[in-house]
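These notes concern the structure reproduced below.
The values are calculated or read from the model by the stated rules, or taken from the named source; none is laboratory data. Quick caveat: nothing in here was measured; it's all calculated off a predicted structure. Here the Cβ positions follow ideal geometry from the backbone for every residue, glycine too, while neighbour counts run over all protein chains shown. Surface accessibility is based on the protein's heavy atoms, side chains included, excluding ligands, DNA and RNA. Shrake-Rupley method; radii C 1.70, N 1.55, O 1.52, S 1.80 Å.
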Amino acid sequence: MKIGVLALQGDFIEHVHALRRIGMDSSEVRLPQQLDEIDGLIIPGGESTTIGKLAIDFELMEPLRAFGQDKAIWGTCAGAIFLSKDARREQPLLELMDITVERNAFGRQVDSFEVDLDVPALETVAPSWSPYHAIFIRAPLIESVQKDTQTLASLPDGRIVAARQGHWLATVFHPELTSDDRFHLYFAEMIRTN
Amino acid sequence: MEKQVGTFAVKKGLAQMLKGGVIMDVVTAEHARIAEDAGAVAVMALERVPADIRADGGVARMSDPGLIEEIMETVSIPVMAKVRIGHFVEAQILESLGVDYVDESEVLTPADEEHHIYKHGFKIPFVCGCRNLGEALRRIGEGAAMIRTKGEAGTGDVVEAVRHARSVLGAIRRLENMPDEELMAYAKNIGAPFEIVKETKELGRLPVVNFAAGGLATPADAALMMQLGVDGVFVGSGIFKSGDPAQRAAAIVKATTHFNDPAILADVSRNLGEPMVGRQVTDIPEAELIAKRGW
C-alpha cells in the first residue's frame, strides 16, 4: 500500500516524514500520471489559492476528482479547503466533500493557536484515550457539514474542525506538524477498509 | 490544555505552509492582486522594491501602515512587511497592524549596528536574512521562526544567493559528520548558540524553514535555488521590474514546484519577455553592498 502526498506546494515533506514514522510507503504527486501508483492521497497544508492554481495549470483537477471517486483523500488545512464543495469565495476547489469551509476563519497569523481536542474516532487506532494536541495556522473552519458527513472533532464552543465522509477526511489543523501520528494511522486504516 | 497563541510552533508553522512557494515583493494593492493570481504563497508589502531603494539611495524605512493595510485587505494570502534591523518599535507597529510575518531586513537601512530585535518577545513571527550558518543560528537564537539566505537584493544577479545558500547548506552537511565533542568549539567559532548547533546537527537541516532571496530573476534561478536545497524562494525586484510581471510571476511559481523537471522548466521559461535589467554584483562598490548589513 502506498500513500501519495500532493506536492505542488506546502508542507508535504512533513506528511512524508509522518508516513515514514508509521511504516508507510509514500510518494510525492506533482503530475496526473503519478496518481496511478497510489492507493490514497494526502493534500497538505499550504496556500489553497496556490495549490488550486497549480492543479489547474498542470491539468490535475479532473484526474484528482476521478481519483477521489473511489480512493481515499485526506486534506489538512489548505487541503481541507481544496477538498470541499464550498469555500464561500471564488477559487478552484475539487468539490468532492459535502462540507462548507470558511477560510482564515480565526483571523490572521497573530491568532494562530494550539489547543487540545477530544477526538473519539482516534480510539479505533490508539485504544487508550488521550487528548489530541492540534496546531491551527491561519486555519479555516468547517462551517457546516452536509449529507452523510460526520463530525470527528470540534472546539469547546462547538465549531467543527475535523470531519469524515466515507473515504474522505478533512482536518483544518495540522497533524503533520506534531509527532502524534494517530491521524496518519487513522487515514491509513481508512484506505485499508475502503 | 487552554488555547495558546504566539507559540514558536505556530510561528514556525506558518513558514512551513509557505514551503515550495514563492514570496513576492509588491509595492501596490494592484501588484499584490497580480502576485496572488499568479500563485504567490505570500506577498512582501513595501514602498519600493530593492532595485529602486538601491537606485534612489537615502534612508529606507518601514512602509506606511496605510499601504500595508490596503494590501492586507486586497489579498487572502499572508502579508509580510519589513522593519529595519534592530528597530523593535517598527516591529511593534507591524504587530499591531496584524501582519502575518515581519522581515527584519538588511534591505532597509539598519537602525542598530550591534543588536538585532529580540524576536521571542513578539506574538508575530519573524524572518531574518543570513549569509552563513553562524548568522542563521544567531537569528534563530533571537527568535527568528524562518530564515532566508540574503543574496544581494535588487541586482537580478543570483551569484550571492547561490554563495549564501551553499555556505549554509554546506556547513550543515559538514556539521552532520562532526563528532559531538567538536560541537562546542565549532559553536564558539561560528558564534552560534550551542544548543541550536546541536539541534541542527541532529536534524540535518536548520530547525526552521529556509528560503533563498536576493537576486533571483528567472524561473531557472528559482529552480537552481530549490535544487541547491532551500525550502522556497523570495523574488523581489525580479518580477515587477520585468517586462511582463504577471507572466513571469506565474512562471516562477511553476518552476518552484517543478524545480527538478527540466522539460517543464524549459516550457515555463519560453517567451517571458524582458527580465529585469540586472546589475552584476562584482561591479557594485563594497560600500553599497546590502548583504553585509547585520552580523
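Scanning segment B:140-162 for residues that are in a helix (DSSP H, G or I) and more than 15 Å from the chain's Cα centre (by Cα) yields B:G141, B:E142, B:V159. Among residues of segment B:117-133 that are within 11 Å of chain A (Cβ to nearest Cβ) and in contact (Cβ under 8 Å) with a residue 24 or more places away in the chain, none has a beta-carbon under 7 Å from a residue that is of a type in the set (D, E) and open to solvent by less than 10 Å² (accessible area, probe 1.4 Å) at least six positions away or on a different chain.
Inside segment B:169-194, residues that are closer than 13 Å to B:R138 by Cα and either open to solvent by less than 10 Å² (accessible area, probe 1.4 Å) or more than 24 Å from the chain's Cα centre (by Cα) (or both) make up a count of 4.
Selection of first residues in segment A:37-53 that are more than 9 Å from chain B (Cβ to nearest Cβ) and of second residues that are in a strand (DSSP E or B) and open to solvent by 10 Å² or more (accessible area, probe 1.4 Å), restricted to Cβ pairs under 8 Å at least 6 apart or on distinct chains, gives the following pairs, ordered by first then second residue: A:E37/A:K2; A:E37/A:S27; A:I38/A:K2; A:I38/A:S27; A:D39/A:K2.
Taking segment A:147-169 as the range and being under 23 Å from A:A72 (Cβ atoms), open to solvent by less than 60 Å² (accessible area, probe 1.4 Å) and either away from chain B (no Cβ under 14 Å) or among the acidic types (D, E) (or both) as the test, the residues that pass are A:T149, A:L152, A:A153, A:I160, A:A162, A:A163, A:R164, A:Q165, A:G166, A:H167, A:W168, A:L169.
Within segment B:9-44, being open to solvent by 30 Å² or more (accessible area, probe 1.4 Å), within 11 Å of another protein chain (Cβ to nearest Cβ) and closer than 20 Å to B:K82 by Cα holds for one residue alone: B:K12.
Of all the listed residues (B:L137, B:L108, B:L94), the sole one being in a helix (DSSP H, G or I), within 16 Å of the chain's Cα centre (by Cα) and either farther than 19 Å from B:V233 by Cβ or within 14 Å of chain A (Cβ to nearest Cβ) (or both) is B:L137. Taking segment A:98-115, which residues are within 14 Å of chain B (Cβ to nearest Cβ), among the acidic types (D, E) and under 23 Å from A:T149 (Cα atoms)? Scanning segment A:98-115 gives a single hit, A:E102. Criterion applied to A:E37, A:E14, A:E59 was being among the acidic types (D, E) and closer than 17 Å to A:L177 by Cβ, and the one residue passing it is A:E14. Residues in segment B:73-91 that are away from chain A (no Cβ under 14 Å) and in a helix (DSSP H, G or I): B:F88, B:V89, B:E90.
Yes or no: A:L141 over 30 Å from B:V102 (Cβ atoms), more than 11 Å from every other protein chain (Cβ to nearest Cβ) and under 14 Å from the mean Cα position of the chain (by Cα)? When the stated conditions are applied, A:L141 does not pass them. Would a scan of segment A:60-71 turn up a residue that is open to solvent by 10 Å² or more (accessible area, probe 1.4 Å), at the interface with another protein chain (Cβ under 10 Å from one of its Cβ atoms) and touching a residue at least 24 places away in the same chain (Cβ under 8 Å)? No, that holds for no residue. Within segment B:138-161, being touching a His at 6+ places or on another chain (Cβ under 9 Å), open to solvent by less than 10 Å² (accessible area, probe 1.4 Å) and over 21 Å from B:R48 (Cα atoms) holds for B:R139, B:G143, B:A144. Being out of contact with any Pro (no Cβ under 8 Å at 6 or more places or on another chain) and not in a strand (DSSP E or B) is a description that does not apply to B:M24. If you go through segment A:1-17 one residue at a time, do you hit one that is under 22 Å from A:H174 (Cβ atoms), under 15 Å from the mean Cα position of the chain (by Cα) and more than 14 Å from every other protein chain (Cβ to nearest Cβ)? Yes: segment A:1-17 contains one or more residues that are under 22 Å from A:H174 (Cβ atoms), under 15 Å from the mean Cα position of the chain (by Cα) and more than 14 Å from every other protein chain (Cβ to nearest Cβ). Screening the candidates B:E70, B:E47 for the property of being open to solvent by 10 Å² or more (accessible area, probe 1.4 Å) and either modelled with pLDDT of 95 or more or within 14 Å of chain A (Cβ to nearest Cβ) (or both) yields one hit, B:E70. Cβ separations smaller than 6 Å between residues 6+ apart or across chains give the following pairs from segment B:40-57 residues that are in a helix (DSSP H, G or I) to residues that are of a type outside the set (D, E) and open to solvent by 50 Å² or more (accessible area, probe 1.4 Å): B:A51/B:K241. Tell me, which residue of segment B:111-132 that is under 17 Å from the mean Cα position of the chain (by Cα) and open to solvent by 50 Å² or more (accessible area, probe 1.4 Å) is nearest to B:G154 (Cα to Cα)? So, considering only residues that are under 17 Å from the mean Cα position of the chain (by Cα) and open to solvent by 50 Å² or more (accessible area, probe 1.4 Å), the one nearest to B:G154 (Cα to Cα) is B:R131.
Restricting the search to helices (runs of 4 or more DSSP H) fully inside segment B:212-295 and requiring at least 1 residues that are crowded, with 20+ Cβ neighbours inside 10 Å, under 16 Å from the mean Cα position of the chain (by Cα) and more than 14 Å from every other protein chain (Cβ to nearest Cβ) gives B:219-228, B:237-240.
When we screen A:P140, A:P175, A:P156 for residues that are free of Cβ contacts under 8 Å to residues at least 12 places away in the same chain and either of a type in the set (A, V, I, L, M) or on the phi < 0 side of the Ramachandran plot (or both), the only hit is A:P156.
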